[in-house]
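Chemist: Right, I'll just put the structure down here and ask away after.
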Amino acid sequence: MEKKNRKMLIIALTLSLITAALIYIYISGIKPEQTPEKEYIRICTAARTINGFTQISASDVTEIEVDKELYGEGMVTDKEQIIGKWALQDIAKGEFIRKERLGEEESLYFSYSIPAGTRAVSMNITEQVIVANLLRPGDHVDVIASFNKEEEVYEDRTVTYPKITKIILQNIEVLALGQDRKLPAEKFQEQPTTITLAIKKEDVEKFVYATEYGIIRLALRPAGDNTRTDSQGAIREDVTGMKGVIVTDNTDSSAGASE
């Protein structure tokens, strides 16, 4: 019996050694998954905050290495492409510098900031007109005009235009307040006397007519709101619900009838 047990033990040990050897051979044959080597690229960033409409010097720019996957179209990779250019808007410290935010000196002229297809037109303003002085360059507004009753007399007829208030232009960009295209913090409380809007070229005459012969209000739109409102305008009846009375005899107004 003892001899038989010893034989079984030897067989078990042998099988264990074979199993261990096979496992070792299998594990040795597994190659570790290769991690792809990262590619890096040099990107130009602002070494300090660069104010808009200022010329960029060498000390304003630094280069850093980043994963190539972080590279985006328009990012500048050569410092020499930046030095001497002008910042068209503020560039924060550490921010990647992009080509579209750079320009030559002539690109600082106001005409370069007017959107294509529009004209820059100014009008005088009060605090009430510009929403309690809360408008800022870059905001979008609707232009609302109010006109008094007007009559045009011809040989055979008289045409009467009633008092009316109507939205005449929508989603108009504010280009400047006074002469400021970018309002510094110290001017937030300062009341400008003019506002400059980007008016579509086909609407310029309409806008100028309204500013010359009507009373203008500006309605500030929520950021990103591009919706349009279809309106025929509002007259007194729309606001009060009261219809006018036709008087047939000026000496007895009670003889009138409702329209």
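The values are calculated or read from the model by the stated rules, or taken from the named source; none is laboratory data. Computed from a predicted structure; not experimentally measured. Cβ sites come from the backbone with ideal geometry, for glycine too, and all protein chains shown count toward neighbours.
Chemist: If Ser57 satisfies all but one of (1) of a type outside the set (A, V, I, L, M, F, W, C); (2) touching a residue at least 24 places away in the same chain (Cβ under 8 Å); (3) touching a helix residue (DSSP H, G or I) at 6+ places or on another chain (Cβ under 8 Å), what's the number of the condition it fails?
Modeler: Status for Ser57: all satisfied but (3).
Chemist: Going residue by residue through segment 69-79, is there one that turns out to be out of contact with any Ser or Thr (no Cβ under 8 Å at 6 or more places or on another chain), hydroxyl-bearing (Ser, Thr, Tyr), under 30 Å from Leu197 (Cα atoms) and free of Cβ contacts under 8 Å to residues at least 40 places away in the same chain?
Modeler: no
Chemist: If I ask for residues that are within 28 Å of the chain's Cα centre (by Cα) and either in a loop (DSSP other than H, G, I, E, B) or under 14 Å from Lys85 (Cα atoms) (or both), which ones from segment 35-44 would you list?
Modeler: Correct list: Cys44 only.
Chemist: While we're looking at this one, here's another question. Which one of these does Thr165 not meet: (1) among the β-branched types (Val, Ile, Thr); (2) at pLDDT below 90; (3) not in a loop (DSSP other than H, G, I, E, B)?
Modeler: Condition not satisfied by Thr165: (2).
Chemist: Taking segment 48-75 as the search range and keeping residues that are among the aliphatic types (A, V, I, L, M) and over 23 Å from the mean Cα position of the chain (by Cα), which one is farthest from Leu183 (Cα to Cα)?
Modeler: Among those that are among the aliphatic types (A, V, I, L, M) and over 23 Å from the mean Cα position of the chain (by Cα), it is Val66.
Chemist: Right, another one. Given the structure, is Ile199 in contact with a helix residue (DSSP H, G or I) (Cβ under 6 Å, 6 or more places away or on another chain), under 19 Å from Thr118 (Cβ atoms) and either in contact (Cβ under 8 Å) with a residue 60 or more places away in the chain or not hydrophobic (A, V, I, L, M, F, W, C) (or both)?
Modeler: Against the criterion (in contact with a helix residue (DSSP H, G or I) (Cβ under 6 Å, 6 or more places away or on another chain), under 19 Å from Thr118 (Cβ atoms) and either in contact (Cβ under 8 Å) with a residue 60 or more places away in the chain or not hydrophobic (A, V, I, L, M, F, W, C) (or both)), Ile199 qualifies.
Chemist: Ok, one more. Specify the residue that is farthest from Asn171 (Cα to Cα); the eligible residues are those in segment 209-247 that are in a helix (DSSP H, G or I) and in contact (Cβ under 8 Å) with a residue 60 or more places away in the chain.
Modeler: Per the criteria, the residue is Arg236.
Chemist: List pairs: first residue in segment 26-41 and surrounded by 10 or more Cβ atoms within 10 Å (Cβ to Cβ), second residue at pLDDT 70 or above and of a type in the set (D, E, K, R) anywhere in the structure, Cβ distance under 6 angstrom, at least six positions apart or on different chains.
Modeler: Close Cβ pairs (under 6 Å, with a partner that is at pLDDT 70 or above and of a type in the set (D, E, K, R)) amount to Tyr40/Glu65; Ile41/Lys68.
Chemist: Another question about this same structure. Which condition number does Val174 fail, the rest of (1) more than 17 Å from Thr211 (Cβ to Cβ); (2) without any contact (Cβ under 8 Å) to a residue 40 or more places away in the chain being met?
Modeler: Of (1) more than 17 Å from Thr211 (Cβ to Cβ); (2) without any contact (Cβ under 8 Å) to a residue 40 or more places away in the chain, only one is false for Val174: (1).
Chemist: So in segment 70-96, with the set limited to residues that are within 13 Å of Gly52 (Cβ to Cβ) and of a type in the set (A, V, I, L, M), which one is modelled with the lowest pLDDT?
Modeler: That would be Leu88.
Chemist: Further, regarding this structure: Which residues, counting only those in segment 80-134, are of a type in the set (A, V, I, L, M, F, W, C) and touching a Lys or Arg at 6+ places or on another chain (Cβ under 8 Å)?
Modeler: Ala87, Leu88, Ile91, Leu102, Phe110, Val129, listed by residue number.
Chemist: May I ask you to say which residue of Val129, Val141, Val66 is surrounded by 12 or more Cβ atoms within 10 Å (Cβ to Cβ) and assigned to a loop (DSSP other than H, G, I, E, B)?
Modeler: Among Val129, Val141, Val66, only Val129 is surrounded by 12 or more Cβ atoms within 10 Å (Cβ to Cβ) and assigned to a loop (DSSP other than H, G, I, E, B).
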